[in-house]
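The values are calculated or read from the model by the stated rules, or taken from the named source; none is laboratory data. None of the values given here were measured: they were computed from a predicted structure. Note that each Cβ is placed from the backbone with ideal geometry, even for glycine, and that neighbours are counted across all protein chains shown. These accessible areas exclude ligands, DNA and RNA; they are computed on the full protein's heavy atoms, side chains included. Shrake-Rupley method; radii C 1.70, N 1.55, O 1.52, S 1.80 Å.
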Amino acid sequence: MTTCTLKRVSLLGYQQRVKPPVFVHTLARAVVVPSLIKRLNREMNTMASEDAFKGILIALPKPGGGEYGKFYSLHALNDPRIDRLPYSIRILVESAIRNCDNFRVTKDDVEKIIDWEKTSIKQTEIPFMPARVILQDATGVPALVDLASMRDAMKNLGNDPNKISPLVPVELVIDHSVQVDVARSEDALQANMEFEIQRNKERFGFLKWGSSAFDNVLVIPPGSGIVHQVNLEYLGRVVFNTDGILYPDSVIGTDSHTPMIDGLGVAGWGVGGIEAEAAMLGQPMSMILPGVVGFKLSGKLQDGVTATDLVLTVTQMLRKHGVVAKFVEFNGEGMREMSLADRATIANMCPEYGATMAFFPVDDVTLEYLRLTGRSEEAVSMIESYLRANRLFVDYKKAHHEIVYTSRLELDLGEVESCVSGPKRPIDRVPLKDMKADWHACLDNKVGLKGFGIPKEEKHKVVNFSFQGHPAELKHGSIVIAAITSCTNTSNPSVMLGAGLVAKKACELGLEVKQWIKTSLAPGSRVVTEYLWQSGLQKYLNQLGFHTVGYGCTTCIGNSGELDESVASAISENDIIAVSVLSGNRNFEGRVHPITRANYLASPPLVVAYALAGTVDIDFSKEPIGTGKNGKDMYLKDIWPSNEEVSEALQTYVLPGMFKSVYKAITKGNPLWDQLSIPASSMYSWDPNSTYIHEPPYFKNMTMELPGLHRIKDSYCLLNFKDGVTTDQISPPGSIHKDSPAAKYLLERGVDSKGFNSYSSRRGNDEVMVRGTFANARLVNKLLNGEVGPKTIHIPTGEKLTVYDAAMRYKNAGQDTIILAGADYGIGSSRDWAAKGPLLLGVKAVIAKSFERIHRSNLVGMGIIPLSFKNGEDAETLQLTGHELFTINLPGKVGEIEPAQDVDVTTNTGKTFTCKLCLETKVELTYIDHGGILSYVIRNLIKQ
C-alpha cells in the first residue's frame, strides 16, 4: 500500500499544468477538472481505499432509476457506535474511511474516530483531509507568495518546481482590499472600487497570475462579495460528486470566520495560512480529536429580537462554558424555528467564542435554503438522498438515536433580548436596556477591557468644532462611525431588510443622521443590493447616508477609511472617547479605526438606530432617538419593525432568481479586473523593487539536511504582555502610520504617504510586514510601565525603541528573543503574519498562560515554540519582569521530546519554573525539526 501511495504522489508531481477549474452553476457545483491529475487522484484514492473498505462502497440509486454514484456507507459498517456519534464526528469518520490508504490515513485512525466516546478524552491525534481550501486575498496573497517561493526552492534543490501545485480545489475571494475612502455618496461604490484597483493593481495581478500558474485555483474578482457569504450562497457544495464518488463537502480556510459554512451543514473551520498551504499540497492535517458540546435550542425569538442579539448571547454563553478547540453542535426543536441565515450568523462568530466548529447538521431548512439560493432541484435531490442514506441528515419529525456529547448547553430562544457587545470585545454583551448605565460605568472604570478611566470632572465634556462650515459637537460616547458591514450580518436578509425598514420609518418621520457620522453599507454579496432595491428600501438607507460603499469586509477589518480631518482633530486634541457602531464580528481596540477607542457590535437595524441617535449614551426605552418633522420626540419603538413586517418583506423580495443572476457572472470580473495583464510563466519573476510582492526569505539557502531544534539559551524578552493580546496587535491589518518603521521603508523606496495603503494589502512583502509586526498603536507592553504604543525596551542598553528596531539590535548581535504573554495570546483573526513576523524578528519561543487555537498552530508552522505556564502561574505570580535572560531547557534532539511534556525554564536571576510544551502531536514535533511545516513539505515532495 505504501508503494502505491508513493507512486501516486510521484505521478501527480510530474503532471502537465492544467487550467483552473470551471464551476458549473448547479447545487453540487462540482469542480470540472478535465485533467490527468484529477483522474489519477481519484483512481489511486479508490485503489487504496478498496483494500481497506471495499465492502462498504455502495451505489446510491436515483428515485427514477439509475444511480447518482457510489459512496462509503457508514450504515454498512454495522457498528452501533456510529448512531451515537455527533454528526460532526461522523463527517470525520467518512473522510478517514474514504482517504484510508494505510499510509497517510490508516485503519487505526478510522477506529480511533469511531471510538470517539473514549478516545476524545485522551488527546488522540488523527489525520483529516478536507475536500477543499478557501482563502481571501489578505491571506491568499501570502499563501500564493509562499507557493511561488516554494517552486523556486524546489528548482534550487534540483527538483521539479511544478510539484508545488494544489491537489484539491482552492477558491480565493478578493474581499479584504476595499476601503471606505468615499461614503455618503451615490458615487461611493464606483469610486472605492477604482481606488481599490489602483492601490492593489500589483497584488491583484499576482493573484490573477496564480490562478493560471497553479492547478485547481479559482480566483473570484474584487467587487463580488465577502468570502464567507459567497461560500454560503454559491461555493458550498454540501455534497461533492467527483468521478462518481459522493462525499460530504468539507473546507478549511485561512480566515478565522470560515466556520460560517457550518450553518449550511458543511464541516469547515479556520486554520493558519501555513497549515492551509500544506493541505493544498495533499498533506493530511494533523489534529486532536475534539470534544463536542451539544447546544440544545428550544422556543423561538421574541418579536423585535434579531439574529444578531441571538449570536451575541450564544457567544457569551459558549465563551463562559469553555469551548476552545472543541466542536459545538446545535440541536433541538428550536432548530425548526431558525432560518439557515440565522444559523450561519451563529456559526460565523465561532472564533469569538473559541470553538473550532459550530455545526448545524443538514435538515429540511438547509434544503430550502439551497433552493432559495439557486441550486438546482436535481442537485438538492442528490444531496438529500446521499445524506439520508449515510446517516448525515437530521429529520426532526422522526425519532432518532440519542447522541452522545462531551457536555451540553441549552437555550430557550424566547429568553434572548436585544443587546450589543463592547466596548472592546465581542464577548462583553450588554443588554440594550442596560447600555446607558454600562457606558457610564466604562467611563468611570480604570483603563481596561471595560474601562477608560475618565475623571469625573471630564465625563460631560463637550467639544465644539466646525464640520464643512457647519457647527458640530462631540462628547464621550459620540458616534463617528456607523457601519452596516461584515458577512456575519449582511448574509442574513432578515436583519438587512430590518435595517431598511428602520431607515424607511425614520425617513418618513423626518429623522436624520448627523453629517459628521461616517455611515456606510458594505454588503457581503450583490444579492443584498438586488433585494434592497427591489423592496424600495435602499433609497431610505441612502437618505440616511448608508450608501453602498463596496462589496467586501471594509469597516469590520479596519478598512474604515479616514475620518474627516475636523472630526479626527476634535477627537485627538480633546481626548474624546469616540465610538463606532458596526454590524461586524470584531471590535478589539484599535481594529475598527485608530481613534475610535470604543467600538460596539450591533445588529444592522440597531446600527441605523444608533446612527440616528448619534451617541451610545442613551436609554432607548426612555429617551427619544430624535425629533421628527412635526417637532415631536421619536423613540426607538416608533421606527422598529415587527417580525411580521420583516417576514413579509423577506418572502416578497428575496427570490431564487436573484441568486442565479448574480452568481452566473461572478467569475467574469469587471472591466477594471479584466484589464490586468499577467505573465504566462509558471515561475514567478520577482521584482526586487516591488513594495507589494517580495520573495520571502524562508527557503533561501535551504538544504535537504534538517536544521533540528534550536537551543534557546540566555534569550532576552522582546515583549511582555498581559491577557488578551490579539493578532491585530501582533500584526495590524489597518493603516500604516507615517512614523512607523514600515513607513520609513516605503518612503525610502519612493512611496509617498498617500500610497502607503494598509498592512493587510502588503502581506505579500515580508520587508513591510516584519516592520509592521507589533506596530499597533494600542499595544500595551509591560516593559514600558503603562505607556501605550508600538515600542519596547532594549534590555542590554535600556533604550526605548520601536519593536522592529529593538529586534534588529538583538538579531544583529546574535541574541535570541522570547515573548512573555498572558491568557488567550493570539486571539482574533487567523493571521499567518502574526507568526511569520515574530519569526523574522528573531523570536524563538512564546511563553503564555494560554493560546488561541489557530495562532498556536501558526507559531508551530513557522518553527516558533509555544509554551504555557502551569495552571495558576504567569509572569506576575512568578515575579518575572521581562528584564531577565531566559533559558528553555529542551532536550537536544526532537526525537527525545514528547508532545505536551513539561519543560523547565531558568533565568539568570536564579528562578526556575515549569511550563507545558504546547506541541500537541508528533507531527508538530516533526515540523519543528524541519524548521517549519513548509520546509517539511518541500523535503517530503523531493523524497517522494
Apply the Karplus parameterisation 6.51 cos²θ - 1.76 cosθ + 1.60, with θ equal to phi minus 60°, to every residue of the stretch 859-868 and state each ³J(HN,Hα) to the nearest whole Hz, in sequence, with x for glycine and proline. 4, 4, x, 9, x, 8, 8, x, 10, 10
The stretch 95-216: projected area of the alpha-carbon convex hull, averaged over directions, in nm²: 12.2 nm²
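Can you give the accessible area per residue of the chain, in Å², using a 1.4 Å probe?
35 Å²
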Where the Cα pairs of the stretch 626-766 fall when distances are cut into 10 Å bins, in %: 7, 16, 20, 21, 19, 12, 5, 1, 0
Given the -39500 (n - 2.57) contribution per DSSP H run of 4+ residues, what per-residue ellipticity at 222 nm results for the chain, rounded to the nearest 500 deg cm²/dmol? -10000 deg cm²/dmol
For Val416, which sequence-distant residues (separation of 5 or more, or a different chain) have an amide H within less than 5 Å of its own amide H, given hydrogens modelled in the peptide plane? Gln302
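Rounded to a whole number, what % of the accessible area of the chain do carbon and sulfur atoms account for, probe 1.4 Å? Before the final figure, lay out each step's value.
Details: 16140 of 33070 Å².
Carbon-and-sulfur percentage of accessible area, whole number: 49.
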How big is the stretch 712-943 on each of its three principal axes, counting only the C-alpha atoms and giving the largest first in Å? 52, 48, 32
Residues meeting the amide H criterion for Ile220 (H placed from the backbone, H to H distance under 5 Å, 5 or more places apart or on another chain) are Leu172, Val173, Ile174
Once ligands and nucleic acids are excluded and a 1.4 Å probe is used, how much of Glu748 is accessible, expressed in Å² to the nearest 10? 120 Å²
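Hey, what did the stretch 419-654 get for relative contact order, percent, Cα under 8 Å, at least 6 apart?
Working: 492 pairs, mean separation 65.9, N = 236.
RCO, the stretch 419-654: 28 percent.
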Please give, to one decimal in nm, the separation of the simple spin-label points placed at Thr909 and Lys738, each 7 Å out from Cα toward the Cβ. 4.1 nm
Under 12 Å from the Cα of Lys782 - aspartates and glutamates, other chains or at least 8 residues apart: Asp723, Glu876
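Quick one: net charge of Lys433's neighbours, Cβ under 15 Å, K/R +1, D/E -1? Intermediate results must be reported in sequence, preceding the final value.
Numbers: positive: Arg429, Lys436, Lys622, Lys637; negative: Asp309, Glu415, Glu417, Asp434, Asp438, Asp617, Asp619, Glu623.
Once positives and negatives cancel, what remains is -4.
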Counted charge near Ser580, where neighbours are those whose Cβ lies closer than 13 Å (Asp, Glu -1; Lys, Arg +1): +4
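So how do Arg749, Arg132 rank on accessible area, 1.4 Å probe, biggest first, that is with the largest at the start?
Values: Arg749 115, Arg132 0 Å².
So the residues, ranked largest to smallest area, are Arg749, Arg132.
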His547: net charge of surrounding residues, Cβ under 12 Å, Lys/Arg +1, Asp/Glu -1, itself excluded? +1
Phi-based couplings in Hz for the stretch 79-84 (Karplus 6.51, -1.76, 1.60; Gly and Pro marked x): 10, x, 5, 4, 5, 8
Ranked highest first by the average count of other Cβ atoms within 10 Å around their residues, in what order do 872-884, 290-302 fall? 290-302, 872-884
Taking placed amide H atoms and a strict 5 Å upper bound, the residues 5 or more places from Ser185 or on another chain that come that close are His547
Taking θ = phi - 60°, what integer Hz values does the Karplus form 6.51 cos²θ - 1.76 cosθ + 1.60 yield along the stretch 478-490, in sequence order, with x for Gly and Pro? 5, 8, 10, 9, 10, 10, 8, 8, 5, 4, 3, 10, 6
For the chain, the Debye formula with one identical point scatterer on each Cα and no solvent gives log10 I(q)/I(0) at q = 0.06, 0.07, 0.08 Å⁻¹ as -0.39, -0.54, -0.72
Projected onto their principal axes, the Cα atoms of the stretch 357-434 stretch, largest extent first, over whole-Å spans of 49, 34, 23
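Under the Kirkwood approximation for Rh and a Cα-based Rg, what ratio Rg/Rh is obtained for the stretch 880-920? Walk me through the numbers on the way to the answer.
Details: Rg = 11.4 Å, Rh = 11.1 Å.
That ratio is 1.02, to two decimals.
Relative contact order for the chain: what percent, with Cα pairs under 8 Å and sequence separation of 6 or more?
Working: 2150 pairs, mean separation 121.0, N = 944.
Averaging sequence separation for qualifying contacts and normalising by length gives 13 percent for the chain.
Given the alpha-carbon gyration tensor of the stretch 419-654, what are the semi-axes of its equivalent ellipsoid in whole angstrom, ordered largest first, with each equal to the square root of 5 times an eigenvalue?
Details: eigenvalues 152, 72, 61 Å².
With the √(5λ) rule applied to the stretch 419-654, the semi-axes are 28, 19, 18 Å.
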Just to confirm my numbers, what's the Cα centroid distance between the stretch 185-208 and the stretch 584-646 in Å? 31 Å
In square angstrom, rounded to the nearest 10, how much accessible surface does Arg831 have for a 1.4 Å probe? 10 Å²
SASA check, Tyr804, accessible area w/ 1.4 Å probe, all protein chains in place, rounded to nearest 10 Å², comes out at 30 Å²
Name the aspartates and glutamates eligible as straight-distance cross-link partners of Lys107: C-alpha to C-alpha under 19 Å, and not fewer than 8 places from it in the same chain. Glu50, Asp51, Asp79, Glu94, Asp115, Glu117, Glu125
Cα gyration tensor, the stretch 700-748 - rounded (a/c under 1.5), prolate or oblate: oblate
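Ignoring ligands, DNA and RNA, how do His737, His460, His176 rank by accessible area with a 1.4 Å probe, largest first? Don't skip to the end; give the middle numbers.
Numbers: His737 105, His460 135, His176 15 Å².
Descending order: His460, His737, His176.
Do any of Lys446/Lys754; Lys713/Lys943; Lys446/Lys475; Lys201/Lys668; Lys539/Lys632; Lys296/Lys922 go past 26 Å between their Cα atoms, and which? All intermediate terms of the calculation are to be shown ahead of the outcome.
On the way: Lys446/Lys754 37 Å; Lys713/Lys943 33 Å; Lys446/Lys475 19 Å; Lys201/Lys668 17 Å; Lys539/Lys632 24 Å; Lys296/Lys922 36 Å.
Pairs exceeding the cut-off: Lys446/Lys754; Lys713/Lys943; Lys296/Lys922.
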Accessible heavy-atom area order of Tyr386, Tyr68, highest first, probe of 1.4 Å: Tyr68, Tyr386
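Compute, for the stretch 419-654, the length of the dipole vector about the Cα centre, with Cβ point charges of +1 (Lys, Arg) and -1 (Asp, Glu) only. Units Debye, rounded to 20. Working shown, then result.
Working: 24 positive and 24 negative charges, 64 e Å.
Using Cβ point charges on Lys, Arg, Asp and Glu, the stretch 419-654 gives about 300 debye.
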Farthest toward positive dipole pole in the chain [+1 Lys/Arg, -1 Asp/Glu at C-beta], among Leu409, Val365, Leu747: Leu747
